[in-house]
Amino acid sequence: MIATITAMTEASEVAGPAPLRVAVPRERQDGERRVALVPGALRSLLRAGLEVAVEAGAGEPAGYHDAAYTEAGATVVADLGGLLRGAAVVLHVGPPSDGEIQAMSAGTTLVGLFRATSNLPLLERLAAARIDVHSLELLPRITRAQEMDVLSSMATAAGYHGVLMAAVRLPRFMPLLMTAAGTVRPARVLVVGAGVAGLQAIATARRLGAVVEAFDVRPVVREQVESLGARFIDVGVEAAETGTGYAAQLSGEAEEREREVLSRHVADADCVITTALIAGRDAPRLISAEMVAAMRPGSVIVDLAAEGGGNCELTEPGDEVEVSGVRICGQTDLASRMAGDTSQLYAGNISRFVLHLVKDGKVRDDLEDEILGATCVVQRGALRGAAAPPPAPVTPVQQ
């Protein structure tokens, strides 16, 4: 008997500790079709010695079947509680449900897109459950984090799909057409914001044959805009860019100049695609009701910043409305509508983040690390970073 126990102990020592478990539950938000991990992204995690478990049916809405996960080396689990219990890392696209929070063990690390700066009640529930949270929209814009940049991946999909939405809603063709019945002039498209989404919108509109103009307060993007065949609108103001590469908001005389120039180009456009959005902040209002009223009936505005309230004053986030004959599209699920490819891109980003998060079979809590420190919003039951409440004002002591 003693010999048997000794043999089992020796075998356990040879086998080493159980591998760290990564769990991928099904997304439960209405309309969300993406999945956090696709079968093709498993290889790097398994090679790193991690165990991957996926909830049954998690990938079905995006076109990834359970059999594909099993074949790739993951374990498919039907019971949500069994999936999450004992998982060291849980991967999500959007916020978890209350049932998932209850099923997760204290000390679990949750990774996904949680809109940390505007979703305090969710983070407080996660903190109360002592679940550590990394919110990927807070990734710093540095070279080391480029391969994890989920926002850029999803913005690419939004810029592409936004132009297609506009094309099918316009009462006209996008390209120049010369027919026996006459010549049809090309549609004029104005893209506001030349970030990732804006540049993809420019490229897509140009492929469809539209005449494209682009506006951005950062003159540095002119070369990128023109390389795609669009005309850059120069407002004539100094470079307005933050240290992180995002556009900075103008003020005073520069803002008035911006509105004046933008008004003329909006009125001439058949379609306006707005993309000015900074994660964690309200979207700047660039298109006023007066500008919309000056557009031709049948024109279309696709507001890709609707999630942040919209760049257009009349945008209804999550809805599509018509005002003065102009259709304003404020849908916020464009990435989800292309769930097959966007899930693949998202999985590539998040799997690289996991490989940075986990080292030597353990989840790192090194908040001195530039990437981990920027994305961590809950740790050991406390809100931190972008989610932490501002410090109370200090009352000066009278001398």
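Considering only region 116-126, state which residues are of a type outside the set (G, A, S) and surrounded by 19 or more Cβ atoms within 10 Å (Cβ to Cβ). Matches in region 116-126: L122, L123, L126. Scanning region 264-279 for residues that are closer than 30 Å to A374 by Cβ and small (G, A, S) yields a count of 2. Scanning region 18-36 for residues that are in a loop (DSSP other than H, G, I, E, B) and touching a residue at least 60 places away in the same chain (Cβ under 8 Å) returns P19, L20, P25, E27, R28, Q29, G31, E32, R33, R34, V35, A36. For region 274-287, the candidate set comprises residues that are hydrophobic (A, V, I, L, M, F, W, C) and within 13 Å of the chain's Cα centre (by Cα); within that set, the residue that is surrounded by the most Cβ atoms within 10 Å (Cβ to Cβ) is L277. Looking across region 288-326, the residues that are over 21 Å from Y160 (Cβ atoms), surrounded by 16 or more Cβ atoms within 10 Å (Cβ to Cβ) and in contact with an Asp or Glu (Cβ under 7 Å, 6 or more places away or on another chain) come down to S288, G309.
Please note which strands (runs of 3 or more DSSP E) are completely contained in region 49-139 and include at least 2 residues that are of a type in the set (A, V, I, L, M) and over 30 Å from A305 (Cα atoms). If you could, list the steps in order and put the result at the bottom.
Details: elements: 51-55, 75-77, 89-91, 109-112, 132-135.
Ranges flagged: 51-55, 75-77.
For beta carbons closer than 8 Å, sequence separation of 6+ or different chains, a first residue in region 184-195 that is farther than 13 Å from A230 by Cβ and a second that is small (G, A, S) and assigned to a strand (DSSP E or B), the qualifying pairs are G195/A247. Just the residues that are free of Cβ contacts under 8 Å to residues at least 40 places away in the same chain and either assigned by TED's automatic domain parsing to the domain that holds S44 or buried (at least 23 other Cβ atoms within 10 Å of the Cβ) (or both), please, taken from region 331-372. K359, D360, R364, D366, L367, E368, D369 - these are the residues of region 331-372 that are free of Cβ contacts under 8 Å to residues at least 40 places away in the same chain and either assigned by TED's automatic domain parsing to the domain that holds S44 or buried (at least 23 other Cβ atoms within 10 Å of the Cβ) (or both).
The values are calculated or read from the model by the stated rules, or taken from the named source; none is laboratory data. Predicted model only: the values in this text are computed from it and were never measured. Reconstructed Cβ throughout: ideal geometry from the backbone, glycine too, with neighbour counts over all protein chains shown.
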